[in-house]
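Worksheet: one structure, shown below.
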2 protein chains.
Amino acid sequence: MTVRTVRVLLADDQSMVREALATLLGLEDDIEVVAQVARGDEVLAAAREHTPDVALLDIEMPGLTGIEAAARLRAELPEVKIVIVTTFGRPGYLRRAMESGAEAFLVKDAPASQLAEAVRQVLRGERVIDPGLAAAALADGADPLTGREREVLRAAADGSVNAEIARRLLLSEGTVRNYLSTAIQKTGARNRAEAVRIAREKGWL
Amino acid sequence: MTVRTVRVLLADDQSMVREALATLLGLEDDIEVVAQVARGDEVLAAAREHTPDVALLDIEMPGLTGIEAAARLRAELPEVKIVIVTTFGRPGYLRRAMESGAEAFLVKDAPASQLAEAVRQVLRGERVIDPGLAAAALADGADPLTGREREVLRAAADGSVNAEIARRLLLSEGTVRNYLSTAIQKTGARNRAEAVRIAREKGWL
DNA sequence: GGTCGCGTATGACATCTGTCATCTGCAAGA
DNA sequence: TCTTGCAGATGACAGATGTCATACGCGACC
């Protein structure tokens, strides 16, 4: 019986990393990299055209994040298995990746051999997730921030003052202070800088 | 005349990326990856043992940064050519890399072929730096922060309050406020969060 | 010896941040 | 219909931040 190669789409905005990973995967007898993209918003079109079995998606990409691209793939080409391959093994990323329909979640500090192996595993219907990350993601609990709280907190992340945030989001300054105060309390922080850091760590921002 | 292969040491804390880059380089006829390390503080010992011609160093690694490792390589094994290969093409990183003795500076969003090419170029005594980055680094000017200002600003980066910073650095709170105020003014920021962001962007932090 | 810059400190003061109480409108759910 | 939560707002107040003036010790440099 002939061996059928797995068709893989690879998305990562760093050309050097993407091409190196493509080269590595291409050395496997049973894997063929049929498409490479550098932007999240190119994933879906490339998947339609090249009909991959598996999509390997970085998270932080221009256009759309890998998680957003995963959601669109799941909606339109549900037969494509999705593996998130990311730099930061953040619990929040893991949760959002699973919510978006990914079958696997790899961090780039894993051995390279795990990449090819993960492709084979998701094709067999298996899930590939680091147990420690899974535990952390479950321990963090659900995102307690409302949409506007998150937006105001994000706006505060670069050091903008309340008046500026108010102007930018078309709110009064008092309202901004209220939202920030609530976000600070929900994250258990003492000030907005800590709140931003904690929310990012937990994947809420 | 026989072709002599270039011996390369590769340092990157992400195994998947490092091994993929090693595989890519290994496909070149004239390049051999003789050592791989995941920590900055393993670079020097590995270089002593494996006698590479060229060291490819990521910047953000545990133990020592690639820039710190570059400085030590330059001091002890000055015949090793140093290429910094980093995720973030920050002008500040470029400046510090050159100050540490690196011959080349690549950002990972460059095509993979540039990596092997850069290895060959530094061996010929050439410099490999993106001109746009070089211009930005020169435009930023020298770091205006004193040692203590930088230390206090760094301590403030995670949202620590003045009292906490004072305790941690064994200073009075008033002194901390003075240092922060001066750092804010030197960076042209309006508050500590902006000062941190600007200093990071310019490579002063 | 004098000057300069850095490190460190105190005190006063203006501004900003963060908290809290209170209020209204709206939509969803019981 | 009533309750709940979210969005948005105002006002008062306490505490934190940031600015500024002033001062001293120390080491480097002229």
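The two copies A and B are related by a rotation, and the chain A beta carbon nearest its axis, with distance in whole angstrom, is A:20, 2. Ascending distances from the residue A:188 label point to its copies in the other chains, with the point 7 Å along the Cα-to-beta-carbon line: 4.0 nm. Can you give the net charge of the other residues whose Cβ lies under 13 Å from the Cβ of residue A:79, counting K and R as +1 and D and E as -1? Surrounding charge for residue A:79 is +1. Largest first, the three principal axis extents of the alpha carbons in the range A:103-169 are 53, 24, 19 Å in whole numbers.
When shorter helices are ignored and each DSSP H run of at least 4 residues is given -39500 (n - 2.57), the per-residue value for chain A at 222 nm works out to -15000 deg cm²/dmol. Listed by chain and number, the lysines placed with their C-alpha closer than 20 angstrom to that of residue B:108 are A:108, B:81, B:202; residues fewer than eight positions away on the same chain are left out.
Taking the longest Cα principal axis of chain A as reference, the axis of helix A:131-140 is set at about 20 degrees.
Mind running the shape call on the protein assembly as shown? Use the C-alpha gyration tensor, a ≥ b ≥ c as the square roots of the eigenvalues: rounded below 1.5 for a/c, prolate if a/b tops b/c, oblate otherwise. Oblate, because a/c is 1.5 or more while a/b does not exceed b/c. Could you work out how far helix A:66-76 tilts from the main Cα principal axis of chain A, as a 0 to 90 degree angle to the nearest 10? Compared with the principal axis, the helix lies near 60 degrees. Charging the Cβ of each Asp and Glu at -1 and of each Lys and Arg at +1, and nothing else, the dipole of the range B:47-205 about its Cα centre rounds to 500 debye.
Net charge near residue A:21, counting Lys/Arg +1 and Asp/Glu -1 over other residues with Cβ under 12 Å of its Cβ?
-1
As a test of reading the structure, rank B:133, B:27, B:138 by solvent-accessible area (1.4 Å probe, protein chains only), most first.
The most accessible residue leads, giving B:138, B:27, B:133.
Remark: mean inter-chain Cβ contacts per residue of B:92-105 equal 0, using a 10 Å Cβ-Cβ cutoff to other protein chain atoms. Reported to the nearest whole Å, the Cα centre-to-centre distance from the range A:34-109 to the range B:18-96 is 30. Does the range B:1-67 come out rounded, prolate or oblate, given a ≥ b ≥ c as the square roots of the eigenvalues of its C-alpha gyration tensor, rounded meaning a/c under 1.5 and, failing that, prolate meaning a/b above b/c? Because a/c hits 1.5 or more and a/b fails to exceed b/c, the range B:1-67 counts as oblate. Taking only the alpha-carbon positions of the range B:147-201 and ignoring solvent, what does the Debye formula give for the base-10 log of I(q)/I(0) at q = 0.28 Å⁻¹? Debye output, listed in q order: -1.12.
Which parts of the range A:178-194, residue by residue, lose 50 Å² or more of accessible area when the rest of the protein chains are there, as against the chain isolated (1.4 Å probe)? Residues passing the criterion (a loss of at least 50 Å², heavy atoms only) are A:190.
Ordering A:57, A:38, A:98 by the projection of their Cα atoms onto the charge dipole of the range A:6-139, which places +1 on the Cβ of Lys and Arg and -1 on the Cβ of Asp and Glu, puts A:98 at the extreme positive end. Against chain A, whose longest principal axis comes from its Cα atoms, helix A:192-201 is set at around 20 degrees.
Taking the convex hull of the alpha carbon atoms in chain A, what volume per residue do you get, in Å³? Write out the running numbers ahead of the final one.
Numbers: hull volume 26.5 nm³, N = 205.
Cα-based convex hull of chain A, divided per residue, equals 129 Å³.
Distance between the modelled labels on residue B:185 and residue B:5, one decimal in nanometres: 6.0 nm (7 Å Cα→Cβ projection).
Rg and Dmax of the range B:52-163, based on Cα coordinates, read 15.7, 54 Å.
The values are calculated or read from the model by the stated rules, or taken from the named source; none is laboratory data. Treat the numbers as computed from the prediction; the structure is a model and nothing was measured. Ideal geometry is used to build each Cβ from the backbone, glycine not excepted, and the neighbour counts take in all protein chains shown. Areas reflect the complete protein model, heavy atoms only, side chains present, ligands, DNA and RNA absent. Shrake-Rupley method; radii C 1.70, N 1.55, O 1.52, S 1.80 Å.
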